[in-house]
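A.B. asks: Got a structure here, written out as structure tokens. Questions coming.
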Amino acid sequence: MNLFITGTDTDVGKTYVSALLVRGLRKAGFDTVAMKPICCGDRDDAEMLQAAAGNSLELNDVNPVWLRPPAAPYTASIVENRNIDLDLIRETFARLRENHRSLIVEGVGGWLVPIRRDYFVSDMAADFGLPVAVVVRNRLGALNHAMLTVRNVQSRGLQCAGIIWNNMDTTDDIPGTTNKSILEDLLDVPVLFEIEKNQQELVLGVA
């Protein structure tokens, strides 16, 4: 399984879900590794992905571009007065893709977060050419954010593999109990996995 993991926003659980996928796929017999091409702020997300793959990659392969300001990549690059090295990102991706049967790539922030003035997370996903999975955190606003993201993925001619539904902070109110069924009714992509609060393992029946 190879996926580009995006989310409806920042802090929807992309790294948590990506790490679950990596561990589940490795347990199923794949040599799965993960990549987070850009980190802004700390490198905790990259370290979590590195650990999920049994520390089989160097941290600079998991995360080739690290910007210290905790902001969108384009903003952080302006603060640091440096250009984001897209060639390094592409070269690292190509090497990992060639050397591993299974690769999970986690984007930064949401689908249209700017990396450069004329280059966005969506452009990076298009460069990589992997099926895109959208992490949706079950909360008020999830329907709008999920539909905007999925439809933009599809409008670019990319394959939206489906939604990963994150119940990290689901409540018993009307949105919390109806969001998933409403979204399944409105969109033509499947819910690939449903992640429950504090879930530590994902059992994958893959060949």
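The values are calculated or read from the model by the stated rules, or taken from the named source; none is laboratory data. Not measured: the values here are computed from a predicted model. Note that each Cβ is placed from the backbone with ideal geometry, even for glycine, and that neighbours are counted across all protein chains shown.
A.B. asks: With the condition being modelled with pLDDT of 95 or more, small (Gly, Ala, Ser) and over 19 Å from Thr10 (Cβ atoms), I'd like the strands (runs of 3 or more DSSP E) fully within region 118-207 carrying at least 1 qualifying residues.
C.D. replies: Values: elements: 132-137, 160-167, 191-196.
The strands (runs of 3 or more DSSP E) meeting that bar are 160-167.
A.B. asks: Of everything in region 159-170 that's under 15 Å from the mean Cα position of the chain (by Cα) and more than 16 Å from Ile182 (Cα to Cα), which residue is surrounded by the fewest Cβ atoms within 10 Å (Cβ to Cβ)?
C.D. replies: Looking at residues that are under 15 Å from the mean Cα position of the chain (by Cα) and more than 16 Å from Ile182 (Cα to Cα), I get Gln159.
A.B. asks: Give the residues of region 111-143 that are without any contact (Cβ under 8 Å) to a residue 24 or more places away in the chain and either crowded, with 22+ Cβ neighbours inside 10 Å or hydrophobic (A, V, I, L, M, F, W, C) (or both), sorted by residue number.
C.D. replies: Correct list: Phe120 only.
A.B. asks: Now for a separate question. Tell me, please, whether a residue that is surrounded by 15 or more Cβ atoms within 10 Å (Cβ to Cβ), free of Cβ contacts under 8 Å to residues at least 24 places away in the same chain and farther than 13 Å from Gly7 by Cβ can be found in region 94-110.
C.D. replies: no
Let's see how each residue does on (1) under 24 Å from Gly29 (Cβ atoms); (2) not hydrophobic (A, V, I, L, M, F, W, C):
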{"residue": "Pro131", "(1), (2)": "yes, yes"}
{"residue": "Ala146", "(1), (2)": "no, no"}
{"residue": "Thr149", "(1), (2)": "no, yes"}
{"residue": "Ile163", "(1), (2)": "no, no"}
{"residue": "Leu186", "(1), (2)": "no, no"}
{"residue": "Gln199", "(1), (2)": "yes, yes"}
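A.B. asks: Looking only at region 171-191, which residues are surrounded by 16 or more Cβ atoms within 10 Å (Cβ to Cβ) and under 20 Å from the mean Cα position of the chain (by Cα)?
C.D. replies: Residues satisfying the conditions are Lys180, Leu183, Leu187, Val189.
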